[in-house]
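Have a look at the structure below before the remarks.
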Amino acid sequence: MSVFVTGATGFLGKHVVNECLEKNYSVIAAVRTQDKGDALIKQFNNPRLTTVAIGDLENLDAFEETFKVHGKDIKFVIHCASPAKWDIDSYEKDILIPARNGVLGILESIKKYAADSVERFVMTSSVMALIDFSKMQDSSVTFNEDSWNPTTWESCQTDPISAYAGSKKFAEQEAWKFYKENKDIVRFKLSTVIPSYIFGPQLFDEDVHEHLNTSNETVNQIIHATKLEDISPINALCCHIHDVAKSHVLAIEEENLADERLLVTSATFAAQDILNYLNADFPQLKGMIPVGSPDKAVENHPQGAVVENKKTRELLGFQFRTLKDCIDDTTIQVLKHEGRL
């Protein structure tokens, strides 16, 4: 029996595939094109990995053929795929509808062809689906596994970040709605993994480029900053790629993780926190990057709303990596790639 992983060529997807392979699962990886599938097969070089080309997520029948052919062999589904475009023409057409259709399409395909064989369905959501941005500065507010971003389909279509947040909320809610309405038909149990900014190394060194995926680019930008004006201000939450990938795979295995929203986040950070770790831990960067105002780091004294994930930590039962791990592991790979380490 196999694990079906969507978004398998992405930063998170590759780590999830790797985690599955290391646990001796056979993996069927969904890719957009056969060329991407061939490249993935070459990278992993593992006989337990196969790929299927599904085309575009926004097509509701994108997963039909896969489950028609392989459905009876698929025991677990990990749905990592979701559009994250920033250069777009229409928030609805390019972000909202593809995210919603992606989850509805795969769920309907399971219902049609693999209702009895798929036992667990794990979906990647986002902390953006959970947080009310208008209350982030309110220290009396706590967000946890039961929280939802109050945005609506209409109100989120103002900028790419808001639209992305909306897409993650609506896609996750579609999954829970489908699960509730089809419990008598499908066998699987649902879990969602809700990460914050995901930092950490690419699975393969060859995937390190001048610009990285959205979250890691935050660190990459600061590694290459020569003055404070080069650094975009940020105050956010983060987690480590290894913890996020591990959480997805535990969610297909552990009974206590069924029917749960797992909020995977380990630290609060600002650009100053990243500067502090880079200056302290990487001598080759000292004098090359700004120092900033070291006492303005927020890791140990975050302000504003509290994001509480004690329940998730207890359910998962392992220690999340620290902010230092997140920053240093990302930086080590970048500096090695550049021949500076």
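Worth pointing out:
- Residue check: residue 298 meets all listed conditions (1) farther than 30 Å from residue 4 by Cβ; (2) out of contact with any Ser or Thr (no Cβ under 9 Å at 6 or more places or on another chain) but one, namely (2).
- Counted residues, segment 290-341 - those being acidic (Asp, Glu), out of contact with any Phe, Trp or Tyr (no Cβ under 7 Å at 6 or more places or on another chain) and under 15 Å from residue 241 (Cβ atoms): 2
- Residues (farther than 22 Å from residue 194 by Cβ and buried (at least 23 other Cβ atoms within 10 Å of the Cβ)) located in segment 10-27: 27
- Which listed residue is aliphatic (A, V, I, L, M) and modelled with pLDDT under 95, from 129, 53, 81, 115: 81
- Qualifying residue in segment 281-303 (condition: touching a Cys at 6+ places or on another chain (Cβ under 6 Å) and either surrounded by 23 or more Cβ atoms within 10 Å (Cβ to Cβ) or of a type in the set (Lys, Arg) (or both)): no
- Unique residue being in a loop (DSSP other than H, G, I, E, B), in contact (Cβ under 8 Å) with a residue 40 or more places away in the chain and among the hydroxyl-bearing types (Ser, Thr, Tyr) when the list is 312, 226, 218: 226
- Any hit, segment 266-279, residues being closer than 17 Å to residue 127 by Cβ, part of a helix (DSSP H, G or I), within 19 Å of the chain's Cα centre (by Cα) and not polar (S, T, N, Q): no
- In the set (1) more than 16 Å from the chain's Cα centre (by Cα); (2) of a type in the set (Gly, Ala, Ser); (3) closer than 30 Å to residue 121 by Cβ, the condition left unmet by residue 245 is number (1).
- Residues that are more than 24 Å from residue 304 (Cβ to Cβ), surrounded by fewer than 20 Cβ atoms within 10 Å (Cβ to Cβ) and hydroxyl-bearing (Ser, Thr, Tyr), drawn from segment 211-263: 226
- Residues that are within 30 Å of residue 90 (Cβ to Cβ), touching a strand residue (DSSP E or B) at 6+ places or on another chain (Cβ under 9 Å) and either among the aromatic types (Phe, Trp, Tyr) or surrounded by fewer than 21 Cβ atoms within 10 Å (Cβ to Cβ) (or both), drawn from segment 108-127: 121
- Restricting segment 304-328 to residues that are loosely packed, with under 12 Cβ neighbours inside 10 Å and not aromatic (Phe, Trp, Tyr), the residue that is farthest from residue 248 (Cα to Cα): 310
- Residues that are β-branched (Val, Ile, Thr), assigned to a helix (DSSP H, G or I) and in contact with a helix residue (DSSP H, G or I) (Cβ under 7 Å, 6 or more places away or on another chain), drawn from segment 107-127: 110
- Consider segment 56-73 and keep the residues that are assigned to a loop (DSSP other than H, G, I, E, B) and either of a type in the set (Val, Ile, Thr) or more than 20 Å from the chain's Cα centre (by Cα) (or both). The one that is modelled with the lowest pLDDT is 59.
- Taking the criterion of being acidic (Asp, Glu) and either assigned to a loop (DSSP other than H, G, I, E, B) or under 15 Å from residue 129 (Cα atoms) (or both), the residues of segment 74-106 that qualify are 87, 89.
- Residue match in segment 101-119 (condition: under 30 Å from residue 268 (Cα atoms) and touching a Lys or Arg at 6+ places or on another chain (Cβ under 9 Å)): no
- Residue that is nearest to residue 207 (Cα to Cα) [pool: residues in segment 11-50 that are part of a helix (DSSP H, G or I) and touching a Lys or Arg at 6+ places or on another chain (Cβ under 7 Å)]: 19
The values are calculated or read from the model by the stated rules, or taken from the named source; none is laboratory data. Nothing here was measured: the structure is a model prediction, and the numbers come from that model. A quick note on method: Cβ atoms are made from the backbone with ideal geometry, for glycine too, and the neighbour counts reach across all protein chains shown.
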